[in-house]
Amino acid sequence: MSEQPKRVSTPENGHGGKRPRGLAAPDGGVKQERREQGQAEASQGGEGEGAVVAVQTMEEPQINIRISVARLHCHACLLPLKPPTFKCEAGHIVCSTCRGGHGQVCDRAATHTAWVELDDIVRDAKVPCAYSEYGCTSWVVYHEAADHHRSCRCGPCFCPNRDCELLTSPARLAEHLGTHHAWPVTKIAYGKPCKVAVPGPQGGQVLVGETDGCVFLVSPCALGAATAVSLVCVRARGDAAAGAPQFRCKLWVEVEGNKENLALVTSMVASSDLSGGFVAADQGMFLAVPPELLHDGSGEAPALMVRIDRAAAATGVARSPSATPPLRLAKRLQ
């Protein structure tokens, strides 16, 4: 009797010897394997008794969809909906804040019904951060997107060089300044003094926090015969960033061989996205370094000492009317 040919699974017939995992069905559903792969045995013949068997789990499948923005906004205040949501007799969807006053503009708003099904969608609907092109990989709940954009570490800032039009995240800006503009880049530890050279008239210093990656720029400018040295924290929206960490700094200049003369200033650290370049020396806090320290008779180069300490975080700001980035960046983000 002739032997029947065996059916062999190959990559060409789409099986490859194993059953495909998580195949998408034509109706859009997803076939999932069991969430638990294997079960723990109470005993396995003596050896290995009581051993714990790892349980492999799979994340719940997710999809990317497009939906009209109006469906996720309150009919009354036009802000992103937040649970709980309510529906009036006219079919208007409103947030809990607007529920009471909606009857003044809608003659069919005598009663409102809680829309639990929509609450589940509003609670889970996520969008990618608007600053994804600058390095942010976060997906945030839609009604929390405005808060995320206000404090996102990847919010874009401008290069302070007048001839450079770069717009990028603070972390990438620090790398850019070191690579393309030859600014020294130094990592600093909060609460400890850091010694750097006094920047030249056309240069600056980049300081990067070791623990959080916050970027600070030290820049000089002429102030009569003296030199004004200022420190700024680089981040989008400047000091308006809600919940953003705040810092206090101490700047002083000294010459190793002349401890009697010392220039020192202590202040809060201002924040800026550098859209207008550096703040002028007479418009903010700065360290005035007199020419006696810059050109000491001993011939030694003065050292700039910088100490940055954490301070209380910024307080919250008013809720934004939309989940979009600042208007001044809208065109750059399109």
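The values are calculated or read from the model by the stated rules, or taken from the named source; none is laboratory data. Keep in mind that what you see is a predicted model, and the values were worked out from it rather than measured. Glycine also receives a Cβ, built like all others from the backbone with ideal geometry; neighbour counts cover every protein chain displayed. Ligands, DNA and RNA are excluded from the accessible area calculation, which covers all protein heavy atoms including side chains. Shrake-Rupley method; radii C 1.70, N 1.55, O 1.52, S 1.80 Å.
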Low-density loop cleavage sites - trypsin sites (Lys or Arg not before Pro) in the range 100-186, where at most 10 other Cβ are within 10 Å (DSSP): R162
Carbon/sulfur fraction of accessible area - the range 105-257, other protein chains in place, 1.4 Å, %: 51
Accessible surface ranking that places the most exposed of V232, V69 first, with a 1.4 angstrom probe: V69, V232
Protein-only accessible surface order, largest first, of S219, S138, S132 at 1.4 Å: S132, S138, S219
Accessible area per residue, Å², the range 69-124 with all protein chains present, probe 1.4 Å: 61
Kirkwood Rh and Cα Rg combined as Rg over Rh, evaluated for the range 90-216: 1.25
For the range 130-234, size of Cβ-based charge dipole, Lys and Arg +1, Asp and Glu -1, in debye: 360
